[in-house]
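Okay, so here's the structure we're looking at.
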Amino acid sequence: MNKEIKEGVLVITLEGNLLGEHSNAPVMAMIKESLDAGNKKVLFNLARMQFINSTGLGMLLTAVSKTRNAGGEMVMCCLPEQMRKLLQMTKLEGAFTVKGTEAEAISFLTTGA
């Protein structure tokens with residue numbers, strides 16, 4: 001997992017598997033810290049994700065909910081095919097804003113376009 005700020009957007013790059021509480025807690029702490037600091041734009045780059053289960057998906061739903069409840073926005077980009085299929089199967093694709101590339105996602109978060 002990697003985090004950086006790009007153009008005022010908290011970019012969290014997840015790698016490997018997103019399976020359980022031990023991997024979710026640090027991510028949620030990053031988001032809380034960012035929101036508490038007034039940065040309400042969060043981007044998950046999932047290009048290096050290999051697998052996600054229901055616990056990982058729940059963490060992403062919690063992240064989008066917390067971000068939007070704080071008046072912010074969360075976007076995901078570079079979704080692997082397995083993640084796209086999971087969102088379709090669970091009928092959750094409408095719960096997330098998804099962009100094809102990190103640049104598109106940052107542009108969306110900074111300009112709304």
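Things to note:
- Breaking point among (1) modelled with pLDDT of 90 or more; (2) assigned to a strand (DSSP E or B); (3) surrounded by 13 or more Cβ atoms within 10 Å (Cβ to Cβ), for E15: (1)
- Matching residues in the range 94-113 - criterion: being hydrophobic (A, V, I, L, M, F, W, C) and without any contact (Cβ under 8 Å) to a residue 12 or more places away in the chain: A103, A113
- Those residues of the range 79-113 which are under 19 Å from V42 (Cα atoms) and of a type in the set (D, E), in sequence order: E93, E102, E104
- At least 1 residues being hydroxyl-bearing (S, T, Y) is the threshold, and among the helices (runs of 4 or more DSSP H) wholly inside the range 21-111 those reaching it are 21-36, 54-69, 102-111.
- Some residue of the range 32-42 being modelled with pLDDT of 95 or more and crowded, with 21+ Cβ neighbours inside 10 Å: yes
The values are calculated or read from the model by the stated rules, or taken from the named source; none is laboratory data. Just so it is clear, the structure is predicted and the values come from calculations on it, not from any experiment. A quick note on method: Cβ atoms are made from the backbone with ideal geometry, for glycine too, and the neighbour counts reach across all protein chains shown.
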